[in-house]
Amino acid sequence: MSTGGQKNMIKTKYKTYDDFQKNGGENAWQKIWEKQKLNQAEDFAKKEKKYILVEFPYPSGAGLHVGHVRSYTALDIMSRMLRLQGYNVLYPMGWDAFGLPTENYAIKNKIHPRIATEQNIATFKKQMKNLGLSFDWSREIDTTDPKYYRWTQWIFLQLYKKGLAYKKKMPINWCPSCKIGLAHEEVVDGKCERCGAEVEQREKEQWILGITKYADRLIKDLDTVDYLDKIKTQQVNWIGKSEGAELKFEVRSLPAMQSIALQAGKKLEKKEYITVFTTRPDTLFGATYMVLAPEHPLIKNLESNIYNYSEVKKYIEKAKNKSELQRTSLDKEKTGVELKGIKAINPANNEEIPVWIADYVLASYGTGAIMAVPAHDERDFEFAKKFNLEIIEVISGGNIRKEAYAGVGKLVNSGEFDGLDSEEAKKVITKKVGGKLKTQYKLRDWVFSRQHYWGEPIPMVYCEKCKWVPIPEKDLPVELPDVKHYEPTDTGESPLAAIKDWVNTKCPKCGGPAKRETDTMPNWAGSSWYFLRYCDPKNNKAFADAEKLKYWLPVDLYNGGMEHTTLHLLYSRFWNKFLYDCGLVPISEPYAKRVSHGMVLAEDGKKMSKSLGNVVNPDEVVNNVGADSLRLYEMFMGPFADTIPWSTEGVKGVRRFLEKVWSLREKVETQNNVETHCNASLRTRLHKTIKKVTEDIKEMKFNTAVSAMMIFVNEAQKEGISKDDFKKFLIILAPFAPHIAAELFSQLGNKESIFKQSWPSYDENLIKDKTIKLAIQVNGKLRDTMEAAADITDAEAKEKALASEKVQKWTEGKEIVKVIVVKNRLVNVVVK
RNA sequence: GCCGCCGUGGUGGAAUUGGUAGACGCGCUGGACUCAAAAUCCAGUGGUAGCAAUACCGUGUCGGUUCGAGUCCGACCGGCGGCACCA
């Protein structure tokens with residue numbers, strides 16, 4: 001209890017915490033911080049830098065989600081602690097504002113997407129400020145600002161110059177609902193990742209980025225960064241590297257069949273080959289048939305040699321009409337048609353083997369054709385069984401009468417190679433048949449064109465004479481023109497195509513008439529390099545100054561959603577590597593460390609959604625209990641990476657905690673009687689708490705840090721607390737609940753901001769307990785506990801344990817086999 | 001189907017990495033204050049038995065290793081996430 005001579009001289013207009021929170025106490029502090037420019041990062045400061053980054057949001061009309069609050073607060077806490085520890089911290093924020101939802105909103109409400117974006121940004125920014133997040137607003141960026149997307153376009157031109165952006169007609173995934181082409185990464189289970197509509201295949205001329213050129217490095221360099229394991233695994237799987245060989249099989253028209261065939265019978269005009277990719281060239285002797293994807297171009301070339309061509313054509317038509325989803329989900333029954341009239345020659349033994357088409361072979365992977373080795377591949381085995389094709393064992397070790405054996409082993413039935421190890425045989429056999437070793441990836445090049453209005457115009461012009469010509473860099477940005485209608489079209493043309501006087505332009509090369517590219521970039525473009533722009537957001541000579549990049553990069557900690565692992569995270573690593581290769585950024589990996597937050601579910605355990613009416617609005621929570629409570633609750637709710645349902649009751653709990661903190665004002669002893677009233681155990685507790693909170697923030701274990709502070713406050717409430725100790729406590733509380741911490745700190749008579757203090761250190765000696773509780777076990781079961789001096793010797797502990805009456809009760813009449821002592825922890829008496 | 005992660009009170013979750021399971025918070029029960037309620041404060045709160053001391057059981061299930069297992073190993077059950085005919 002506080003009975004100190006002088007009453008504390010706390011001057012405040014707020015009588016209670018409720019008074020403070022309800023009457024603008026938090027906002028008042030936010031204004032002060034803004035004035036003091038506390039959160040601005042300083043280029044080239046002598047202090048050690050830390051670049052803390054959280055994915056910038058898409059400013060939707062729905063406003064901030066409590067899920068945003070979770071990750072922004074978490075990194076805010078880290079940033080604030082780092083600043084207090086003396087680092088020069090860059091913790092920026094901006095807007096990833098191009099994209100479909102805004103465009104749709106704009107269409108529906110007849111409002112220009114630019115206006116809608118501005119409104120949404122204003123809302124988001126206000127919400128963020130109300131939360132007391134310590135972003136450096138002087139570095140705010142907006143991907144839809146021409147001053148920003150000028151450089152997005154500029155980077156595109158660099159990609160073009162290096163041959164990494166190219167235009168190609170290819171089948172793409174088309175979302176009929178969004179009326180837009182999608183990248184491979186944006187298709188989930190055959191559906192559009194945004195709206196869930198089933199995608200269709202369409203042939204279209206598209207701008208493509210050659211990300212596959214970087215596939216190998218995107219895998220390899222993961223070794224140099226600190227990402228969560230599951231993030232690395234997901235990227236590695238997505239890139240899907242496999243090593244094998246490309247082998248060529250000659251195709252022959254069968255003389256025997258020629259007489260039967262009505263229109264067949266011609267000899268092949270030139271030699272035709274089927275090239276396959278295989279990871280198992282060692283099984284070549286077991287290749288008993290071949291399979292082409294229905295889309296394989298060879299089929300058309302051999303039309304006159306295939307006498308069942310009408311049947312084949314029917315099958316191809318059927319396959320074409322199946323969506324990607326159907327083709328992959330009807331995974332059980334395999335179907336196919338033999339190409340009658342032609343055979344392939346197995347180059348290993350010159351045997352004629354049949355050629356089939358089947359949709360279990362994908363045109364988009366490898367060469368669109370396979371050699372089928374039913375003895376050693378599950379799918380081929382299934383197919384061979386169904387169509388009665390030959391199965392020859394060439395690797396020993398399995399039971400191929402029952403199932404395919406995909407393992408390794410010694411070669412059999414492989415002529416001169418019998419007895420060889422399968423691993424070794426891969427190289428030898430490839431060489432012998434004139435094949436070449438090859439690495440294949442699942443990753444596909446990035447379809448970069450979108451047929452919409454609200455995106456960065458692709459800075460290219462098409463001239464009949466000069467073909468595709470890039471816009472000169474000095475003429476950037478190519479600004480989005482105003483249009484009357486920005487509805488997407490079903491024809492696959494961007495709404496920009498309708499603006500004739502924008503589309504029709506002059507060729508920058510020959511001056512002749514030319515047309516602008518009317519497709520825009522995908523919403524992933526602006527976010528692929530935004531972390532670079534934060535280093536130098538106002539530069540209009542370059543996307544960022546090289547020296548500034550050198551100072552700030554890499555991003556020391558990057559937090560974002562798991563859903564971006566194979567999209568934004570991969571894309572931005574690719575762009576950064578490209579810029580690195582151009583000598584424009586100083587490091588090849590942009591993010592030193594990547595972590596991911598868990599989702600915040602609704603109170604009912606379901607995903608928050610407007611339609612379910614279970615959305616928690618952060619503004620309401622801030623109004624009711626304050627930003628500090630919201631922040632603290634989201635940290636306390638559970639481990640940062642876990643998905644956790646919202647709990648309104650839980651919010652009450654942390655609010656009570658803050659009220660207790662406020663009431664500690666009355667428990668504060670003046671400096672005069674520190675020694676008499678502040679007992680040593682609270683001091684010990686404080687230092688333990690400092691240690692725990694410091695370490696937990698670093699490890700992102702915010703929930704246990706909050707719990708430690710609660711324990712401290714509970715104790716302080718009972719014991720009373722010295723002014724000095726209270727100050728230290730407020731500093732460690734400040735990153736979590738900056739408003740109340742700043743207020744109480746100032747109420748204690750401190751003129752200087754709490755955020756200009758330095759992070760308290762802890763004294764290891766103080767943390768050490770003088771006495772410990774020793775657990776006494778008999779045969780591993782707890783039977784007694786006793787107080788003992790810390791660092792009690794093993795012998796003393798043993799003696800003490802054996803002296804215990806309760807222990808004696810359990811050892812009576814038994815033989816003591818041994819006694820195990822764990823220092824400062826327990827004694828286990830083992831009896832028989 | 002394959003790969004990865006995870007199963008702890010009524011509830012969100014702790015547990016020094018093999019050493020007293022259930023910290024902290026919520027809820028609940030009882031009490032104080034109040035005309036009353038709310039708020040607040042105090043006490044209790046894994047289960048079973050007992051007035052109690054205490055005993056037994058207890059971290060998805062079964063088994064194993066160990067003086068000692070929530071933690072390690074094996075099998076199974078359940079949940080979540082990723083990939084899914086990738087040759």
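Observations
- Residues (closer than 30 Å to A:Ile458 by Cα and within 12 Å of RNA strand B (Cβ to nearest atom)) located in region A:216-235: A:Gln235
- Test for A:Gly99: is it exposed (fewer than 15 other Cβ atoms within 10 Å of the Cβ) and out of contact with any strand residue (DSSP E or B) (no Cβ under 6 Å at 6 or more places or on another chain): no
- Here is the figure for region A:274-299: residues that are assigned to a helix (DSSP H, G or I), under 16 Å from A:Thr367 (Cα atoms) and more than 11 Å from RNA strand B (Cβ to nearest atom) total 3.
- Qualifying residue in region A:805-825 (condition: closer than 26 Å to A:Leu686 by Cα and more than 7 Å from RNA strand B (Cβ to nearest atom)): yes
- For region A:364-402, a tally of residues being surrounded by fewer than 21 Cβ atoms within 10 Å (Cβ to Cβ), within 11 Å of RNA strand B (Cβ to nearest atom) and farther than 30 Å from A:Met170 by Cα returns 2.
- Among the residues of region A:759-797, those identified as under 30 Å from A:Leu84 (Cα atoms) and either surrounded by fewer than 15 Cβ atoms within 10 Å (Cβ to Cβ) or without any contact (Cβ under 8 Å) to a residue 24 or more places away in the chain (or both) are A:Ser761, A:Asp763, A:Glu764, A:Asn765, A:Lys768, A:Asp769.
- Those residues of region A:340-366 which are within 21 Å of A:Lys314 (Cα to Cα) and outside any loop (DSSP other than H, G, I, E, B), in sequence order: A:Lys340, A:Gly341, A:Ile342, A:Lys343, A:Pro354, A:Val355, A:Trp356, A:Ile357
- Inter-residue pairs, beta-carbon under 6 Å, first over 22 Å from A:Gln21 (Cβ atoms) and in region A:124-147, second among the small types (Gly, Ala, Ser) and assigned to a helix (DSSP H, G or I), 6+ apart: A:Thr143/A:Gly526
- Residue within region A:789-797 that is within 9 Å of RNA strand B (Cβ to nearest atom) and of a type outside the set (A, V, I, L, M) present: no
- Selection status of A:Val622, surrounded by 15 or more Cβ atoms within 10 Å (Cβ to Cβ) and either polar (S, T, N, Q) or within 25 Å of A:Glu563 (Cβ to Cβ) (or both): no
- Scope region A:480-508; condition in contact with a Lys or Arg (Cβ under 8 Å, 6 or more places away or on another chain) and in a loop (DSSP other than H, G, I, E, B); matching residues: A:Pro488, A:Thr489, A:Asp490, A:Gly492, A:Ser494, A:Cys507
- A:Lys800 meets the conditions (1) surrounded by fewer than 17 Cβ atoms within 10 Å (Cβ to Cβ); (2) of a type in the set (Lys, Arg); (3) not in a strand (DSSP E or B) in every case but one. The failed one is (1).
- Tabulated pairs, region A:35-51, first more than 19 Å from A:Leu553 (Cβ to Cβ), second of a type in the set (Asp, Glu), C-beta under 7 angstrom, 6+ apart or interchain: A:Asn39/A:Asp136
- Candidate set from region A:202-215 (those that are within 16 Å of RNA strand B (Cβ to nearest atom) and in contact with a helix residue (DSSP H, G or I) (Cβ under 7 Å, 6 or more places away or on another chain)); member that is farthest from A:Glu185 (Cα to Cα): A:Ala215
- Residue in region A:458-476 that is more than 15 Å from RNA strand B (Cβ to nearest atom) and within 26 Å of A:Ile239 (Cβ to Cβ) present: yes
- Where a residue in region A:232-248 is of a type in the set (Val, Ile, Thr) and its partner, wherever it lies, is more than 10 Å from RNA strand B (Cβ to nearest atom) and in a strand (DSSP E or B), with Cβ under 8 Å and at least six apart: none
- Filter result (assigned to a loop (DSSP other than H, G, I, E, B) and either hydroxyl-bearing (Ser, Thr, Tyr) or in contact with an Asp or Glu (Cβ under 8 Å, 6 or more places away or on another chain) (or both)) within region A:544-558: A:Ala544, A:Asp545, A:Pro554
- Leading residue by the ranking (modelled with the highest pLDDT) among those in region A:755-781 that are within 16 Å of RNA strand B (Cβ to nearest atom) and part of a loop (DSSP other than H, G, I, E, B): A:Tyr762
For every residue, the table says whether it meets (1) touching a Gly at 6+ places or on another chain (Cβ under 9 Å); (2) under 30 Å from A:Lys179 (Cα atoms).
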| position | (1), (2) |
| --- | --- |
| A:Val69 | no, no |
| A:Asp76 | yes, no |
| A:Val89 | no, no |
| A:Thr102 | yes, yes |
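- Checking each residue in region A:615-661 for being part of a helix (DSSP H, G or I), more than 7 Å from RNA strand B (Cβ to nearest atom) and hydrophobic (A, V, I, L, M, F, W, C) picks out A:Val621, A:Val622, A:Val625, A:Ala627, A:Leu630, A:Leu632, A:Met635, A:Val651, A:Leu658, A:Val661.
- Number of the condition not met by A:Asn39 [criteria: (1) closer than 19 Å to A:Arg139 by Cα; (2) surrounded by fewer than 20 Cβ atoms within 10 Å (Cβ to Cβ); (3) out of contact with any helix residue (DSSP H, G or I) (no Cβ under 6 Å at 6 or more places or on another chain)]: (2)
- A:Ala788 assigned to a helix (DSSP H, G or I) and within 53 Å of the chain's Cα centre (by Cα): no
- Of the residues making up region A:661-683, those that are modelled with pLDDT of 90 or more and buried (at least 16 other Cβ atoms within 10 Å of the Cβ) are A:Val661, A:Trp662, A:Leu664.
- Among residues of region A:100-111 that are farther than 11 Å from A:Gly61 by Cα, those with a Cβ under 6 angstrom from a residue that is surrounded by fewer than 18 Cβ atoms within 10 Å (Cβ to Cβ), sequence gap 6+ or separate chain, pair up as A:Ile107/A:Glu487.
The values are calculated or read from the model by the stated rules, or taken from the named source; none is laboratory data. These figures come from a predicted structure and were not determined experimentally. Backbone-built Cβ (ideal geometry, glycine too); neighbour counts: all protein chains shown.
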